[in-house]
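The values are calculated or read from the model by the stated rules, or taken from the named source; none is laboratory data. Because the structure is a prediction, the values reported are computed rather than measured. All Cβ positions, even for glycine, are placed from backbone atoms using ideal geometry, and neighbour counts span all protein chains on display.
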Amino acid sequence: MSEKISIDRIDEIMRAVFHQLKEMGGKARGRDILAAIESKINLTEYEKEKTKTGTIRWETHIRFYTIDCAKAGFLQKSDGNWILTEKGQNPLKSLLSFWLNHSHLC
């Protein structure tokens with residue numbers, strides 16, 4: 001049986017992303033946000049593994065889910081920057097329900 005990153009874990013990491021983005025003034029490069037939270041989120045060995053394409057699993061997942069956050073209006077992505085929108089200022093209450101409604105993406 002193969003491991004997966006659960007939707008609850010995605011929610012936990014995405015909350016860390018939004019908290020970090022807010023702490024960084026609402027705009028930062030995606031790679032800087034991921035670097036800042038990496039030591040804070042207690043990654044499992046599975047999450048740290050490289051995928052078949054050579055990318056790091058947890059980073060790939062988070063970059064993928066930020067696309068949905070952008071589509072939902074929580075953030076904007078432009079030239080490598082992630083920008084917190086007004087709607088994204090307090091998405092933390094609604095993120096889990098958002099993921100659960102989009103769990104087909106997992």
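Residue check: A36 meets all listed conditions (1) under 10 Å from the mean Cα position of the chain (by Cα); (2) closer than 18 Å to K77 by Cβ but one, namely (1).
Only residues that are surrounded by 19 or more Cβ atoms within 10 Å (Cβ to Cβ) and either modelled with pLDDT of 70 or more or among the charged types (D, E, K, R) (or both) were counted across the stretch 67-106, and they come to 6. Looking only at the stretch 22-58, residues that are part of a strand (DSSP E or B) and not hydrophobic (A, V, I, L, M, F, W, C) come to 3 in all. For the residues K48, K27, the requirement of being in contact with a strand residue (DSSP E or B) (Cβ under 6 Å, 6 or more places away or on another chain) and surrounded by 12 or more Cβ atoms within 10 Å (Cβ to Cβ) singles out K27.
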